[in-house]
1. Taking the solvent-accessible surface of protein heavy atoms with a 1.4 Å probe, what is the per residue accessible area of the stretch B:72-206 in Å²?
2. So what does A:PHE186 come to for accessible area, using a 1.4 Å probe and Å² rounded to 10?
3. Could you work out the relative contact order of the stretch B:12-62, using alpha carbon pairs under 8 angstrom and six or more residues apart, expressed as a whole percent?
4. With a 1.4 Å probe and every protein chain left in place, tell me how much accessible area A:ARG23 has, in Å² to the nearest 10.
5. Across peptide B:193-205, how many C-beta atoms of other chains are within 10 Å of each residue C-beta, on average?
6. Give the interface area between chains B and A as buried accessible surface, both sides summed, probe 1.4 Å, in Å² to the nearest 100.
7. Ranked from highest to lowest mean number of other Cβ atoms within 10 Å per residue, what is the order of the peptides B:152-165, A:98-111, A:66-79?
8. Give me the net charge for the shell around B:ASN89: Cβ to Cβ below 13 angstrom, other residues only, Lys and Arg +1, Asp and Glu -1.
2 protein chains.
Amino acid sequence: MTDTLPPETDAPENRPYHHGDLRRALIEAARVIIVRDGAQALSLRGVAREAGVSPAAPYHHFKDKQELVLAVGKLGFEELGEAMEVEINRIGGTVNDRITAIGVAYVLFARDNPALYRLMYDCSRNMESLPPEMHEKEHSAYAIVRNAMIEAGRASADNDIDVELATVAAWCVAHGIAEMGGFAQFAPLKQALGGELNFYRELLLRSGNFQPR
Amino acid sequence: MTDTLPPETDAPENRPYHHGDLRRALIEAARVIIVRDGAQALSLRGVAREAGVSPAAPYHHFKDKQELVLAVGKLGFEELGEAMEVEINRIGGTVNDRITAIGVAYVLFARDNPALYRLMYDCSRNMESLPPEMHEKEHSAYAIVRNAMIEAGRASADNDIDVELATVAAWCVAHGIAEMGGFAQFAPLKQALGGELNFYRELLLRSGNFQPR
DNA sequence: AGATCATCTTGACAGCGTTCAGATGAATTG
DNA sequence: CAATTCATCTGAACGCTGTCAAGATGATCT
């Protein structure tokens, strides 16, 4: 034995440090497990296994399982924001078109990453207040919706309360559709409307059901 | 030892049978634990402990922990339907008033039983199709919303697709508000709107944000 | 070179879901 | 009434989990 190699793992990058950038590796491993096996199958030991380290290793980077999960959720929110911005740029069109596109992008993100989306929501709820950057960052998911609401005249930019209310209302609708839109019982309805996308669009557009007219 | 009593438990009712109506007792115990300690603290062993039986006893009434949780969720849906009906009868008024009242009752139920509501949603999602009775029962939560949509002319009773779409859209909005309305970050907004109830009402009424006008 | 200090491992603990062999005792049968 | 049946409940065990304390490792700093 001329060399004491670190145990062989399938990490593509070289390990410049003790083990390498384990913190990032753990977050990534957790994300893989969640997407592949569901959130219920996410165990700290499993994540450590996937990353090729001992069960106690994560405790040098996260004080808790919860803290690792939180990091994954934060990553998810960044990805969500990116997905929404991509869709905005792809669509162009009128403001209303873009608002609908944002909503659809939101719902599709949840459809494509159901367990991750679920986890993201749990993160939001478990924090007494969301991390400040989520609201402040220029390109955060929240800022995107907020700006769209102002741009579309759903709220006047002067009235902070009005703006936030419009944003929250839109967000709640999207959240509801994101979580319930995937229910198997809605399959016939999707078919009757000519496909999933139309179903989501229709729900977004019709979500004024509680509004007297 | 003249008598081999069953181990002393604090169950108020007499035990006509071997242990008594354990199935119901387990569901009730689980509900208590969820409401008291949160869903994450719900363990099958804990439920058995609370009911005063051995850890293996539940397996004679539920094949799984999941199956017990499902029973609790079903109970929750029944309670939700009752809460909505109570509110409908209390309000009277115009159809629009009643629709709003249904939405508010829905959201308040979730606010008062957050962990239970969360569990109920998980149950809905984990079943490939909801138990038939949830849709069919005359006084189910679903039927209440559905009937309100027809009565309010949000959908013509002849058009099944339209009716279901209206119902689902309303439900999605209520679900979104129910889950996100409790976030601590909205506290200032609630205050600015003169209280929680107005906040929920405003969200319900404004949830047509994606609708072009 | 030697010391420092973050990083990682080993081993342990209690608690979890679940299973299985056996005890208990109410209901049914002869 | 006595014997049997059968659902119900217990006790002990399995492998898994999150978490912690003590020790090994090795990169970095003086």
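The values are calculated or read from the model by the stated rules, or taken from the named source; none is laboratory data. Bear in mind that the values here come from a model prediction, so they are computed numbers and not experimental data. No Cβ is skipped: glycine too gets one built from the backbone with ideal geometry, and neighbour counts run over all protein chains shown. For the accessible areas, the whole protein counts, side chains as well, though only heavy atoms, and no ligand, DNA or RNA atoms are used. Shrake-Rupley method; radii C 1.70, N 1.55, O 1.52, S 1.80 Å.
1. Heavy-atom accessible area per residue stands at 41 Å².
2. About 10 Å², rounded to the nearest 10.
3. Here the relative contact order equals 29 percent.
4. Surface accessible to solvent at A:ARG23 totals approximately 100 Å².
5. 2
6. 5000 Å²
7. The densest-packed peptide leads the list: A:98-111, A:66-79, B:152-165.
8. -2
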